[in-house]
1. If you scan the range 132-144, which residues turn out to be in a strand (DSSP E or B) and within 23 Å of Glu102 (Cβ to Cβ)?
2. Would you mind stating whether Lys129 is of a type in the set (Lys, Arg) and more than 24 Å from Tyr100 (Cβ to Cβ)?
3. Name the single residue that is nearest to Ser132 (Cα to Cα) among those in the range 157-168 being outside any helix (DSSP H, G or I) and among the aliphatic types (A, V, I, L, M).
4. Which residues, taken from the range 145-156, are out of contact with any strand residue (DSSP E or B) (no Cβ under 6 Å at 6 or more places or on another chain) and in a strand (DSSP E or B)?
5. Looking at the range 10-67 only, could you name the residues that are in contact with a strand residue (DSSP E or B) (Cβ under 8 Å, 6 or more places away or on another chain) and of a type in the set (Lys, Arg)?
6. Just to be sure before I move on: is Leu164 open to solvent by 70 Å² or more (accessible area, probe 1.4 Å) and over 35 Å from the mean Cα position of the chain (by Cα) in the structure I sent?
7. Can you name the strands (runs of 3 or more DSSP E) wholly within the range 1-108 that have at least 1 residues being open to solvent by 70 Å² or more (accessible area, probe 1.4 Å) and either farther than 30 Å from Leu123 by Cβ or aromatic (Phe, Trp, Tyr) (or both)?
8. Could you look through the range 109-139, keep only residues that are among the charged types (D, E, K, R) and farther than 18 Å from Glu162 by Cβ, and pick out the one that is surrounded by the most Cβ atoms within 10 Å (Cβ to Cβ)?
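The values are calculated or read from the model by the stated rules, or taken from the named source; none is laboratory data. Nothing here was measured: the structure is a model prediction, and the numbers come from that model. We place every Cβ from the backbone using ideal geometry, glycine too, and count neighbours over all the protein chains shown. Quick note on the areas: whole protein, heavy atoms, side chains included, nothing else; ligands and nucleic acids left out. Shrake-Rupley method; radii C 1.70, N 1.55, O 1.52, S 1.80 Å.
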Amino acid sequence: SVIVNDAYKDERFSDRVDKITGFTTKSVICIPLINKSKEIVGVLQVLNKINGDFDDTDLSLLKALGSQIVVAIENNKLYQKLLEKNVELVRLSDELQKKYFELDLLYDIEKSISQAHSLDELLNTIIVKAVSIIGAEAGSILLLDEEGVNLYFKDAIGVKGEELKKMR
């Protein structure tokens, strides 16, 4: 903590900021802002007391305000960390939900495979579920023809689904 009532006569004072800003510092009172880990996180200073010189009463008041500032700084850091963790939790929750839906889809497909009476029924069930879970307007399954050269629509759902199934 420092009280300087004639700044330009104190060898610790630098007039660099005064020169840049055009302000004239006459007197200074400042305290270090120290957190619970005894680390300096900043400095609180007040310049040019209007009536008289800075004194120990001013210093006590500045120290009280300084401790409030340190608490606010530390709380802000904790809050920022909390926000970061919350964002991470939301991201992980979204990933977990996506994995759940994927597993649920695979389970439904397995169930459909065992219950399907035909390949067409099975493929239709799969494409319907895929489009529904992904949230799409349409979907299709294309297979290679018997020569293994061209793809054709084995199943398609959506606005043009029936037209696509007729294409060869």
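1. Gly139, Ser140, Ile141, Leu142
2. no
3. Taking the range 157-168 as the starting set, the residues that turn out to be outside any helix (DSSP H, G or I) are 157-160, 167-168.
Still in the list and also among the aliphatic types (A, V, I, L, M): 157, 159, 167.
Working: Ile157: 11, Val159: 14, Met167: 24 Å.
The extreme case among them is Ile157.
4. Tyr152 - this is the single residue of the range 145-156 that is out of contact with any strand residue (DSSP E or B) (no Cβ under 6 Å at 6 or more places or on another chain) and in a strand (DSSP E or B).
5. Once the filter is applied, which keeps residues that are in contact with a strand residue (DSSP E or B) (Cβ under 8 Å, 6 or more places away or on another chain) and of a type in the set (Lys, Arg), the range 10-67 yields Arg12, Lys26, Lys49, Lys63.
6. So Leu164 fails the test.
7. 28-34, 40-47
8. Among those residues, the one meeting the criterion is Lys129.
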